[in-house]
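Working notes for the structure below.
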Amino acid sequence: MSSIDVDLDKVKNYLKLNMRGLPEPYSSQDSSRLTLSYFVISSYDIIGQIDSLQKTEIINWIYSLQILPDKNFPEKNKHFIGWRGSPFLGYPFNTNGEPVETLPHDLGHIAMTYVALALLLMLGDDFSRVNKRAILDAISILQQPSGNVGACYGSSESDMRYIYCACCICYMLNDWSTLDQELIVKYILESQSYDYGIGQGPKEESHGGSTFCALASLSLIGRLDSLPHKDKLLKWLINRQEMGFNGRPNKLADTCYSFWIGASIGLLGHFDLITEKLTRSFTLSCQLPIGGFAKLPEHGTPPDVLHTYFSLCGLSFIGEKGIETVHPGLGFSQRAHDRLYHIHRNFVPMKITKYE
């Protein structure tokens with residue numbers, strides 16, 4: 001291992017800055033504030049600093065974004081249940097999990113629901129205020145006859161990303177009763193391309209992000225063995241590493257793919273095939289003096305919270321000192337994942353290959 005280590009003190013300072021308030025360029029992403037919070041808070045978690053946060057206040061803020069059944073007409077908004085991405089609609093601050101009078105156009109988004117549950121796990125919550133039944137019922141509405149899953153009710157977006165979010169939600173809630181797993185397996189197998197990578201859907205280009213979502217989904221439902229040509233897929237994944245990893249052939253390396261590709265290799269049981277020296281060299285070349293990580297090592301490329309988090313995940317996969325183990329299927333710390341044992345008495349974890 002190289003003697004040059006990631007500067008975790010600078011990372012911590014960078015995270016503190018972003019926890020206080022995000023820079024102006026993030027303003028266009030305000031409707032996804034929950035996701036941005038996920039990258040910052042999960043980064044705190046995997047560098048062992050999550051206990052320095054005001055957990056109770058953050059947990060209450062997360063619960064305030066949960067969309068609940070209408071207290072007068074429960075059937076009115078059953079399609080919309082889940083989490084919204086931020087308080088941008090001006091909804092009343094409600095943290096107690098009790099139904100309220102709902103506003104029109106207030107939709108739960110499956111990705112926001114995934115990150116909300118993940119954040120609650122990291123922060124030590126027990127899911128007691130999560131409206132589990134309503135969320136699971138909403139998931140069944142989002143799954144299409146093809147097996148694909150939509151982002152939210154009435155959305156035109158539906159692809160491998162949202163299959164993954166649905167699988168993570170059911171896994172964390174420990175209830176698969178409203179998701180048709182056989183249809184998911186069928187859809188994923190149909191999405192494996194001629195080069196053995198996996199696209200966002202059938203006949204679409206192989207991509208590192210969609211390959212991860214497919215592999216992780218199969219792993220979470222215990223059906224990874226259903227995927228053919230895993231050895232050839234592994235070769236496709238290994239070929240994504242030059243210095244860092246890219247997401248497709250003939251594309252630039254990008255620090256976020258140290259997670260998408262790295263986790264995929266790990267899900268196939270071969271973290272040992274990641275070239276550690278190249279991963280560390282590329283990732284550390286993208287760490288800026290302010291402490292965050294950029295997507296590229298090029299001068300002038302700013303750091304951001306997404307690439308900072310996924311850079312840390314990639315370093316975790318190669319055993320970087322001071323960084324916690326990341327669960328390759330769920331995308332956050334193994335420590336947070338293990339809290340599921342305390343929340344669900346009959347919890348059965350996905351089988352993963354342990355890495356050194």
Given the criterion of a type in the set (Ser, Thr, Tyr) and in a helix (DSSP H, G or I), identify the matching residue among Ser206, Ser217. Ser217
Could you tell me whether Ser226 is among the polar types (S, T, N, Q) and crowded, with 23+ Cβ neighbours inside 10 Å? no
Residues to consider are Arg345, Arg335; find the one that is among the basic types (Lys, Arg) and touching a residue at least 24 places away in the same chain (Cβ under 8 Å). Arg335
Across (1) at pLDDT 95 or above; (2) within 26 Å of Tyr114 (Cα to Cα); (3) of a type outside the set (A, V, I, L, M, F, W, C), Thr279 clears everything bar (2)
Hits in the stretch 1-43 - residues which are surrounded by 13 or more Cβ atoms within 10 Å (Cβ to Cβ) and within 25 Å of Leu278 (Cα to Cα): Asp5, Val6, Asp7, Leu8, Lys10, Val11, Lys12, Tyr14, Phe39, Ser42, Ser43
Can you list the helices (runs of 4 or more DSSP H) found entirely within the stretch 50-164 that contain at least 3 residues being under 22 Å from the mean Cα position of the chain (by Cα) and surrounded by 21 or more Cβ atoms within 10 Å (Cβ to Cβ)? 110-122, 132-142
Residue check for Ser64: at pLDDT 90 or above, small (Gly, Ala, Ser), out of contact with any Gly (no Cβ under 8 Å at 6 or more places or on another chain) and more than 30 Å from Pro302 (Cα to Cα): yes
Within the group Phe271, Phe332, Phe293, Phe282, which residue is of a type outside the set (Gly, Ala, Ser) and within 30 Å of Asp126 (Cα to Cα)? Phe332
Residues of the stretch 280-300 that turn out to be hydroxyl-bearing (Ser, Thr, Tyr) and either in contact with a helix residue (DSSP H, G or I) (Cβ under 9 Å, 6 or more places away or on another chain) or under 22 Å from Gly21 (Cβ atoms) (or both), as a count: 1
Among the residues of the stretch 143-162, is any of a type outside the set (Gly, Ala, Ser) and under 20 Å from Ile343 (Cα atoms)? no
Out of the helices (runs of 4 or more DSSP H) lying entirely within the stretch 259-356, which hold 3 or more residues that are touching a Phe, Trp or Tyr at 6+ places or on another chain (Cβ under 7 Å)? 305-317, 340-343
So the check is Cβ under 6 Å with 6+ separation or different chains; which pairs have a first residue in the stretch 280-307 that's within 20 Å of Ser27 (Cβ to Cβ) and a second one that's among the aromatic types (Phe, Trp, Tyr)? Ile290/Tyr14; Gly292/Tyr14; Pro303/Phe293; Val305/Phe39; Leu306/Phe39; His307/Phe293
Number of positions in the stretch 165-191 that are more than 20 Å from the chain's Cα centre (by Cα), more than 13 Å from Leu215 (Cα to Cα) and aliphatic (A, V, I, L, M): 1
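The values are calculated or read from the model by the stated rules, or taken from the named source; none is laboratory data. Just so you know, these numbers come straight off a predicted model, no measurement behind them. We place every Cβ from the backbone using ideal geometry, glycine too, and count neighbours over all the protein chains shown.
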